[in-house]
Amino acid sequence: MMSLEKQIAMIFALLFLVGQESVSAEEEIKQEWQPTTLSEATLEKVQAGVADYQKCLNDETRLHMKDPDDSRRVADLILGKCEARLTVVRKAFEAEQVPPVISDRYVRSKRSRGAQQVMKIVMAQEAARASESASHSPH
């Protein structure tokens, strides 16, 4: 059996190696691309793409507010119709040679926030319909 001191030393050595591994992967990304290298034109394209995506979500949500389907189906429909709008953002990042892991994370975060917004509205509308129908039904 290993002594407590040797076990602690091994744990620190492993933690050090794991830390070094994550630092080297981070250094590779830093060497490939720096956030400050994005041109003003690219930033404008990304902002315009995100704004267009948000506008699509808002328009489609308004359009489907009264849909009687399950809220998950309505949200999937809305999100599916707007998904292509995010390709503008991805292409703008690709043109600046942003590593895919970073652009994917950015697009995923925008998609996730959009999905949360849509679900909140669609579920509230579904709850309102359920409440309204319950109050109109005879007891």
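The values are calculated or read from the model by the stated rules, or taken from the named source; none is laboratory data. In this text, all values refer to a predicted model and were calculated from it rather than measured experimentally. For neighbour counting, all protein chains shown are included, and Cβ atoms are generated from backbone atoms with ideal geometry for every residue, glycine included.
Hey, could you check the range 86-107 for residues that are outside any helix (DSSP H, G or I) and either under 15 Å from the mean Cα position of the chain (by Cα) or not hydrophobic (A, V, I, L, M, F, W, C) (or both) and say which is surrounded by the fewest Cβ atoms within 10 Å (Cβ to Cβ)? If we take residues in the range 86-107 being outside any helix (DSSP H, G or I) and either under 15 Å from the mean Cα position of the chain (by Cα) or not hydrophobic (A, V, I, L, M, F, W, C) (or both), then Gln97 is surrounded by the fewest Cβ atoms within 10 Å (Cβ to Cβ). Residues that are exposed (fewer than 14 other Cβ atoms within 10 Å of the Cβ) and either acidic (Asp, Glu) or in contact with a His (Cβ under 8 Å, 6 or more places away or on another chain) (or both) are absent from the range 108-131 altogether.
Every residue, every condition in (1) within 15 Å of Thr61 (Cβ to Cβ); (2) basic (Lys, Arg); (3) modelled with pLDDT under 90, yes or no:
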residue	(1), (2), (3)
Asp104	no, no, no
Val107	no, no, no
Ser112	no, no, no
Glu126	yes, no, yes
Ala130	no, no, yes
Ala134	no, no, yes
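Evaluate the range 45-66: report whether one residue or more is surrounded by 11 or more Cβ atoms within 10 Å (Cβ to Cβ), among the aliphatic types (A, V, I, L, M), modelled with pLDDT under 90 and at negative phi. Yes, the conditions are met somewhere in the range 45-66. Residue-level analysis places Gln47 outside the set of residues that are within 28 Å of Ser131 (Cβ to Cβ) and not in a loop (DSSP other than H, G, I, E, B). Remark: pairs (first residue in the range 84-97, over 12 Å from Val50 (Cβ atoms); second residue surrounded by fewer than 17 Cβ atoms within 10 Å (Cβ to Cβ) and of a type in the set (Gly, Ala, Ser); Cβ separation under 8 Å; 6+ apart in sequence or on different chains) = Glu96/Ser39. Looking only at residues of the range 98-112 that are among the basic types (Lys, Arg) and touching a residue at least 12 places away in the same chain (Cβ under 8 Å), we find that the one that is nearest to Asp67 (Cα to Cα) is Arg111. Here Glu83 meets the list (1) under 30 Å from Thr37 (Cα atoms); (2) in a loop (DSSP other than H, G, I, E, B) almost entirely, failing just condition (2).
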